[in-house]
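Taking it in order: structure first as structure tokens, then the write-up.
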Amino acid sequence: MRVDPGAGVALVALEPPTGDFRASLVVTADALNLNFRDWQATTDRALPAALAEYQLIDLERRPFAGADGGRRLAHHVAPGGAAVTMEQWFTVRGGVGYTLTASVGTANYANNVDVLAEIADGVTFAGEGQ
């Protein structure tokens, strides 16, 4: 299956179709004209408008991909009614905002939390940490 990720999306990885929600990992890279704090404040305002029944669970500053960054954990309801847990890690490098978003059916999140953290902790930028 081919996925056209669209502008700003660098990578999409999808779970094979199972159940009522297909888990995914998406990496976005967006040119920014905002600093880190303002970028994330804008994101915090946009998510509740973009995702049905959005509920922020946790938000923290923490390193991501070897740089200052953050992590967000939230719940929302996907089209079709599936409960989804979304975990994001984000950072800014050279005027580009990078976000790794993992979306998993909420019933399966506990089974995937360790592998998602391992993936996020393993992210590096080309030419770094190799």
Would you mind stating whether GLU53 is modelled with pLDDT under 90 and acidic (Asp, Glu)?
no
Of the residues that make up region 113-120, is at least one open to solvent by 50 Å² or more (accessible area, probe 1.4 Å), among the acidic types (Asp, Glu) and assigned to a helix (DSSP H, G or I)?
yes
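May I ask you to verify whether LEU59 is under 13 Å from the mean Cα position of the chain (by Cα) and without any contact (Cβ under 8 Å) to a residue 60 or more places away in the chain?
Values: under 13 Å from the mean Cα position of the chain (by Cα): yes; without any contact (Cβ under 8 Å) to a residue 60 or more places away in the chain: yes.
Yes; evaluated as a whole, the condition is true for this residue.
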Scanning for something in contact (Cβ under 8 Å) with a residue 24 or more places away in the chain, among the aromatic types (Phe, Trp, Tyr) and open to solvent by 40 Å² or more (accessible area, probe 1.4 Å), does region 85-107 turn up at least one residue?
yes
Considering each residue of region 62-84, count those that are open to solvent by 60 Å² or more (accessible area, probe 1.4 Å) and either touching a residue at least 60 places away in the same chain (Cβ under 8 Å) or touching a helix residue (DSSP H, G or I) at 6+ places or on another chain (Cβ under 6 Å) (or both), and give that number.
2
Report the residue count in region 23-55 for those that are assigned to a strand (DSSP E or B), open to solvent by 70 Å² or more (accessible area, probe 1.4 Å) and within 26 Å of ALA110 (Cα to Cα).
2
Out of curiosity, is ASP58 open to solvent by 20 Å² or more (accessible area, probe 1.4 Å), modelled with pLDDT of 95 or more and either among the hydroxyl-bearing types (Ser, Thr, Tyr) or part of a helix (DSSP H, G or I) (or both)?
no
Log entry, pairs with first residue in region 30-43 being more than 11 Å from VAL96 (Cβ to Cβ), second being open to solvent by 40 Å² or more (accessible area, probe 1.4 Å) and at pLDDT below 95, beta carbons closer than 6 Å, six or more apart or on different chains, reads PHE36/VAL92
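The values are calculated or read from the model by the stated rules, or taken from the named source; none is laboratory data. This structure is a prediction, so every number in the text was calculated from the model and none was measured. Every residue, glycine among them, receives a Cβ derived from its backbone with ideal geometry; neighbour counts consider all protein chains shown. Quick note on the areas: whole protein, heavy atoms, side chains included, nothing else; ligands and nucleic acids left out. Shrake-Rupley method; radii C 1.70, N 1.55, O 1.52, S 1.80 Å.
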